[in-house]
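Structure first, commentary second.
Nothing in this text is a laboratory measurement; each read-out follows from the coordinates by a stated rule. A quick note: this is a predicted structure, and the numbers were derived from the prediction, not measured. Note that we place each Cβ from the backbone using ideal geometry, even for glycine, and neighbour counts take in every protein chain shown.
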Amino acid sequence: MKFAIAALLATSAAALSEDATSFLLKERYDAHLAQHGIERTAEEKADRLALFEKTIEKVTEANAALAAAGKDEIHGITKFADYTEDEFKFFLGVDAHVRAPKLPVVELSEEDKLSATSGSFNWNDQGKLTAVKDQQQCGSCWAFSATETIETAWAIAGNSLTELSPQELVSCDKTDNGCNGGLPSNAFEYVKTRGGLASDSDYPYTSGKGVTGTCKSDLPAVAGGSISDWGYAQTACQGFRACTEDTDAIASALQKYGPMSIAIDASQWSSYTGGVMDSSSCDSSPRKMDHAVQLVGYDADADTPYWIVRNSWNTNWGEDGFIKLKMGENTCGIANLAALIKSV
């Protein structure tokens, strides 16, 4: 009898513990939704709670493994925590099967060539970057990356720093595919032909819910960003050919010409919250490129030398909208298609 009572009490305690855990998980999920301004119906919340719990387990295991390996890369609960892998792909937007244009490697004089074994540089510290943007659920990263690189090149050339329109590229650049993806280096050709881009205020972003939209028949006037020549920081890599990062060439070109539009593998970026990601956390193969971002600087003096990369998922992701990628390893394919503006 005593045994039966003890067993009953143990079962009851376990049930209460399970209920408490479930309650705490739901509370945490509700707080997550409120923090990120995400609205879910009661039915959606019931379905997505399991995804949220799975993400918690995944990042906990990942952080333990990273810490055990002596790495400072950190993952956590981000705004993507209750998305499926397929849903997350809507926040990407590079098609690795699209052939990039053949462009020359930019020229560097002996005076321009740097050794990237020491020192640091960041175009954000130079006041040449506009604010971090949010592409939302549209595969328009290529348009944001291209626009950002053009904005900075325009400012470096002595013009005022102007927020230009990624929406114009999304809707009007027919070489690329709007919310279905594209490549920054293709977008540069549209901008050259157009003579620049409209301002973001004159042609604001409206594709955040995945609709490319039609190009305005009466385009707003160009606000800046005329470009005339561009190229790669090192020989481009596509297809199945492996690419070795030329760290010195990229660092030198970055300082001489400005930030670069790069195509990378961001499939593992959804839970990134800080630290330096290395090549063991993502794929460097050209066939795995699925996202376009902007390379803006580096720090070779850090304990783990890293590149500084600006994303287009708003400032509530990563390190205020940026990610650090380890130098020297072609981490996430950073060197595969590193395109920059040579002249405006």
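Just going by the charge dipole of segment 226-321, with Lys and Arg at +1 and Asp and Glu at -1 on Cβ, which of 304, 275, 316 is farthest out on the positive end? Looking along the dipole axis, the top candidate is 316. The per residue volume of the convex hull around the alpha-carbon atoms of the chain is 152 Å³. Taking a sphere under 14 Å around the Cβ of residue 37 and counting the other residues whose Cβ falls inside, with K and R at +1 and D and E at -1, yields a net charge of -2.
Reported to the nearest whole Å, the Cα centre-to-centre distance from segment 266-295 to segment 315-344 is 9. Only aspartates and glutamates eight or more places from residue 216 in sequence, or on another chain, were considered; those with a Cα closer than 20 Å are 163, 168, 173, 176, 189, 200, 202. Residues whose amide H comes within less than 5 Å of that of residue 234, counting only those at least five positions distant or on another chain, are 338 (H built at 1.01 Å from N in the peptide plane). Show which lysines lie in cross-link reach of residue 102 when reach means a straight Cα distance below 17 angstrom and same-chain residues fewer than eight apart are skipped. By straight Cα distance, residue 102 reaches 192, 342.
Given the DSSP H assignment, sum -39500 (n - 2.57) over each helix run of at least 4 residues in the chain and divide by its residue total; what's the result at 222 nm in deg cm²/dmol, nearest 500?
Values: 7 runs with 111 residues, N = 344.
Roughly -10500 deg cm²/dmol at 222 nm, from the helical runs in the chain.
By the Cβ distance rule of under 4.7 Å, the chain has these cysteines without a partner: 141.
For residue 26, the lysines whose Cα comes closer than 23 Å to its Cα, not counting residues fewer than 8 places off in the same chain, are 45, 54, 58, 79. Farthest towards the positive end of the charge dipole of the chain, among the residues 294, 62, 208, is the Cα of 208, using unit charges on the Cβ of Lys, Arg, Asp and Glu. 3J(HN,Hα) along segment 211-219, derived from phi through the Karplus expression 6.51 cos²θ - 1.76 cosθ + 1.60 where θ = phi - 60°, amounts to 9, 4, x, 8, 5, 4, 5, 10, 5 Hz, with x in place of Gly and Pro. Charged neighbours of residue 216, selected by a Cβ distance under 11 Å, balance to -3 (K, R count +1; D, E count -1).
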